[in-house]
Structure formats: C-alpha cells, structure tokens
Amino acid sequence: MTTTRFAPSPTGWLHIGNLRAALFNYAIARQNGGIFVLRIDDTDPERSKDEYVEGIKSDLTWLGLTWDRMEYQSRRMDRYGEAKQRLIDMGRLYECFETPTELDLKRKKQLNMGKPPVYDRAALALSKDEKNALRAERGSHWRFKLDQHRIEWADGIIGDISIDAASVSDPVLFKNDGQILYTLASVVDDVEMGITDIVRGADHVTNTATQIQIIQALGGTVPHFAHHSLLTGPQGEALSKRLGTLSLRDLRAQGIAPQAILSLMARLGSADPVELRANVDEVVAGFDLSKFGSAPTKFDADDLVPLTARYLATLSADDVADVLTSAGVPADLRVPFWTLVRDNIATLDDVGGWWAMFRDGATPLVADEDRDFVTKALFLLDNPPYTPDTWSNWTTVVKDETGRKGRGLFMPLRKAVTGLERGPEMADVMPLLQVKPKL
C-alpha cells in the first residue's frame with residue numbers, strides 16, 4: 001500500500017516551503033488510496049515545543065490535509081537505540097572524537113590542497129587504548145561508514161541521479177551529546193512505518209544518497225524518492241530570509257483562503273497553469289507529480305490575494321454566515337449584502353469594513369471643486385430606506401437641478417456616498433445604506 005509521510009520539526013511555525021512537501025505527499029497517498037502519516041520530528045528537546053506541534057496540526061486541518069496516523073519521534077528513542085547497536089555490530093557505525101575546530105581545520109587543509117572536504121576516517125585507525133583515552137577527555141560522535149561506490153536512484157522529479165559515495169563524508173548519526181540526528185531517525189521510521197514514497201526538497205538530495213545505504217544496511221526497502229525544486233522570492237532571491245513572514249499562521253491571519261494556497265502550491269513549479277480549486281479533494285484529483293521540474297521556483301505571496309478573491313466570489317451567503325454574523329450584518333440583509341460585496345473584496349477581513357460603511361456611512365471623498373455640487377445633491381436625497389430605484393431617481397433630479405451629466409455627475413456622487421472611486425453598481429449600494437450620506 002502506498003504510504004507517505006510529512007515530518008515537520010516542531011521548532012517553529014509551518015511556512016509555505018513546508019507546505020509543498022506536505023501537500024505533495026498527501027496528494028500521492030490520497031490518489032492511491034494509501035496512508036498519510038504525520039510524523040513529528042521532535043528529537044531536539046530544547047527547540048521542540050508543544051505549541052508548535054499544535055500549530056502544525058491546526059494549519060494542516062485548516063488546509064484540509066488530514067492524516068491517518070500521527071507519530072512522535074521522541075517516543076521512539078528505543079527504536080533508534082536498537083538501530084544504533086545493529087549498525088555498530090555490523091561495523092557500519094563508528095565512534096569519532098574530533099572536535100568541531102579540528103574538523104574545520106581538516107576541511108580547510110583539504111580545500112587548500114584542492115581536495116574535496118570529505119572526512120578522512122581517521123577514527124577508524126584508532127586503537128582501543130587511544131579511544132579510551134580520548135573518551136576520557138572529550139565527547140564523541142558516531143558516523144555511518146558508507147560503501148564508497150556510486151549510489152543511484154530514479155528520482156520522481158529530477159530523473160536519474162548518481163552520486164559517488166567517495167565524494168561524500170560519512171554522515172554523523174549521533175552528536176557528541178548523544179542526540180540522534182535526522183538522517184538516522186528518519187530512516188528507522190521510514191523502514192518501520194513502511195513508507196513507500198517520499199517527496200521533499202532538492203536540498204535533501206545528498207541526504208537521500210546516504211540514507212539509501214542506511215536503509216539497505218537495516219534491511220529495509222528503499223522508497224520511491226522525488227525532490228521538488230526550492231522556492232525563491234519573486235526576483236529569484238533566497239526565500240529563506242523571508243519565511244518568517246510566510247508562515248501559514250500569518251497567511252491565515254491575513255485572510256488568505258486555504259483554497260488559494262492549495263491551488264497555487266499544487267501547480268507552482270509545474271508545467272500546468274494554476275487553476276483555482278474549491279477544496280483539497282479537487283486539488284488532489286488534478287495533481288500530477290510528473291509535471292514538476294527541478295529548476296528553482298519563484299513564489300510571490302501577492303499571487304495568493306487574487307486567488308483568494310476569486311474563491312470568495314464563488315461562495316454564497318450561507319458559506320460565510322459566521323463571518324457575516326461577526327461583522328454584524330442583519331439576517332435579512334445578508335444575502336443582498338454578500339451578493340454585492342463578494343466581487344469587491346480581497347479577503348474576508350474586508351467584510352467588516354464594507355458593513356461599517358453601509359451601517360455608519362462612509363468618509364466622503366470629495367474634491368474641492370465638487371463640494372458645492374455634492375452638498376446640493378445630498379440635500380436633494382431623501383432619508384433611507386432606499387430602493388433599487390433610488391440611485392436613478394436621485395441622479396435624475398440632481399442632473400435637472402445642476403445641469404451636470406455623465407462622469408461629472410455620477411463620479412462625485414459615488415465618491416461621496418461610498419468614499420471610493422470604484423466599486424459595485426450604485427443601484428445595488430443604495431438599498432443597503434442604513435443612514436443618509438453626509439459630508
């Protein structure tokens with residue numbers, strides 16, 4: 001059975017870059033009637049926080065990405081300990097004693113000699129006595145001993161990949177303080193949870209090469225890997241510096257619709273155009289991993305605004321009943337009010353402002369040369385309630401009294417009544433006004 005996973009670290013809020021991996025893996029599982037696992041990578045006890053775990057669950061639920069199983073790596077430490085011992089017993093995991101400073105000096109020396117900065121495996125030559133002496137004076141870390149041959153796989157996005165293991169340092173799997181690192185924890189989980197397909201960022205390609213060997217050493221089946229492109233800013237700049245402002249939490253607070261985010265992220269970087277989808281099921285149905293390329297993908301958060309507006313324009317008053325209630329729109333006016341404003345808002349946050357205008361009146365926008373004209377026109381307007389004919393009747397009277405016509409008649413009145421230069425038809429605006437416009 002197809003089984004995928006999303007494995008975020010609860011060390012911060014989910015951002016738009018995280019979502020690509022979550023959505024891609026979710027779509028693959030759902031398209032194949034498989035299992036989608038939410039796995040919390042909380043092996044770092046100091047940086048992992050419960051509030052971020054709750055934030056991850058809240059964001060995914062808001063987007064409609066439901067999981068079939070939830071796992072916590074912090075509850076599986078015994079499994080990682082058993083894997084560690086198995087690798088030690090088979091001679092694939094060895095203890096090293098270099099400090100970060102010593103490793104840095106080694107790398108610099110290799111680079112100065114024109115050699116790749118690959119760990120020299122000096123620890124393998126240490127005698128038992130030398131290890132005991134070093135162990136007494138400093139901490140140690142553990143590295144996986146790679147078989148130094150080419151590691152190859154058919155990537156679902158990039159295509160055929162071949163990496164020479166001799167050009168890669170033996171990966172550290174346990175730090176000096178004994179903390180297990182992502183490389184091994186992820187492999188143990190993938191093997192034991194039966195993960196069949198993994199989609200993640202292109203920055204994990206080298207990780208994949210080393211993890212394939214670890215999977216094989218532990219007797220697991222290598223999953224199908226696919227590495228999607230990394231996101232950049234609109235001008236191709238690194239997005240990582242801006243991710244703090246692109247958290248799903250913040251986009252949600254800005255009124256961006258989840259359907260807009262899903263629709264954009266399901267197509268961004270692919271050969272297919274972005275198409276607005278009404279829900280996550282429609283997104284999954286139209287998802288095709290084979291259409292994605294490996295080139296860096298430009299992401300502009302501003303693109304989410306028109307998509308959100310387009311989505312909101314498809315909704316009925318019943319769909320947004322809670323929002324209309326919160327804004328204070330009377331029950332008998334909700335349908336005409338929403339029908340009017342849904343084509344004129346960017347996000348649901350705009351609803352309150354529109355109702356405030358109808359309820360309390362707008363701040364008039366009047367040019368100095370139009371002030372006398374507007375004053376006279378408002379004097380000619382009766383008090384509410386107004387009807388769909390009010391606008392036509394009023395402007396006819398004003399035209400007859402002032403001689404103004406065309407844009408010179410209609411635009412100053414629109415700006416005075418709504419405080420806006422453009423917007424919905426004034427014949428539809430007038431019946432919703434609860435107070436008479438005034439300067």
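The values are calculated or read from the model by the stated rules, or taken from the named source; none is laboratory data. The structure displayed is predicted, hence computed values, not measured ones. As a convention, Cβ positions derive from the backbone with ideal geometry for all residues, glycine included, and neighbour counts pool all protein chains shown.
Brief remarks on what is shown
- Qualifying residues in segment 221-235 (those that are outside any strand (DSSP E or B) and among the aliphatic types (A, V, I, L, M)) - the one modelled with the highest pLDDT: VAL222
- Within segment 274-304, the set of residues being buried (at least 16 other Cβ atoms within 10 Å of the Cβ) and in contact (Cβ under 8 Å) with a residue 40 or more places away in the chain comprises VAL280, VAL283, VAL284, PHE287, LEU289, PHE292, SER294, THR297, LYS298, PHE299, ALA301, LEU304.
- Number of the exception - SER167 against (1) of a type in the set (Gly, Ala, Ser); (2) surrounded by 11 or more Cβ atoms within 10 Å (Cβ to Cβ); (3) modelled with pLDDT of 95 or more: (3)
- Condition check for LEU146: farther than 30 Å from SER290 by Cα, in contact (Cβ under 8 Å) with a residue 24 or more places away in the chain and assigned to a helix (DSSP H, G or I): no
- From TYR26, TYR52, residue being modelled with pLDDT of 95 or more and either farther than 23 Å from GLY286 by Cβ or surrounded by fewer than 17 Cβ atoms within 10 Å (Cβ to Cβ) (or both): TYR52
- Qualifying residue in segment 66-86 (condition: farther than 30 Å from MET1 by Cβ and of a type in the set (Asp, Glu)): no
- Selection within segment 262-309 - closer than 23 Å to ALA238 by Cβ and of a type in the set (D, E, K, R): ARG267, LYS298, ASP300, ASP302, ASP303
- Complete set of residues in segment 345-403 that are over 22 Å from ALA327 (Cα atoms) and of a type in the set (D, E, K, R): ASP368, GLU369, ASP370, ARG371, ASP372, LYS376, ASP382, ASP389, LYS399, ASP400, GLU401
- When segment 316-338 is filtered for residues that are surrounded by 12 or more Cβ atoms within 10 Å (Cβ to Cβ) and in contact (Cβ under 8 Å) with a residue 24 or more places away in the chain, the ones remaining, listed by number, are VAL320, VAL323, LEU324, SER326, ALA327, VAL329, LEU333, PRO336, PHE337.
- Restricted to segment 171-195, and to residues there that are in contact (Cβ under 8 Å) with a residue 60 or more places away in the chain and acidic (Asp, Glu), the residue that is surrounded by the most Cβ atoms within 10 Å (Cβ to Cβ) is ASP190.
- Here THR308 fulfils each of the conditions (1) over 16 Å from LEU433 (Cα atoms); (2) outside the structural domain of LEU264 (by TED's automatic domain parsing) apart from (2).
- Only listed residue being among the aliphatic types (A, V, I, L, M) and either modelled with pLDDT under 95 or surrounded by fewer than 16 Cβ atoms within 10 Å (Cβ to Cβ) (or both), chosen from LEU243, LEU218: LEU243
- Condition met for ASP68 (modelled with pLDDT under 95, within 23 Å of the chain's Cα centre (by Cα) and of a type in the set (Asp, Glu)): no
- Qualifying position, being among the hydrophobic types (A, V, I, L, M, F, W, C), without any contact (Cβ under 8 Å) to a residue 40 or more places away in the chain and more than 23 Å from GLN434 (Cβ to Cβ), among LEU413, LEU409, LEU380: LEU409
- Qualifying residue in segment 272-280 (condition: of a type in the set (Gly, Ala, Ser), in contact with a helix residue (DSSP H, G or I) (Cβ under 9 Å, 6 or more places away or on another chain), under 20 Å from GLN31 (Cβ atoms) and not assigned by TED's automatic domain parsing to the domain that holds TRP338): yes
- Considering only residues in segment 129-146 that are at pLDDT 95 or above and exposed (fewer than 12 other Cβ atoms within 10 Å of the Cβ), the one that is nearest to the chain's Cα centre (by Cα) turns out to be ASN132.
- Taking segment 260-286 as the range and being over 20 Å from GLY201 (Cβ atoms) and under 12 Å from the mean Cα position of the chain (by Cα) as the test, the residues that pass are ALA260, SER263.
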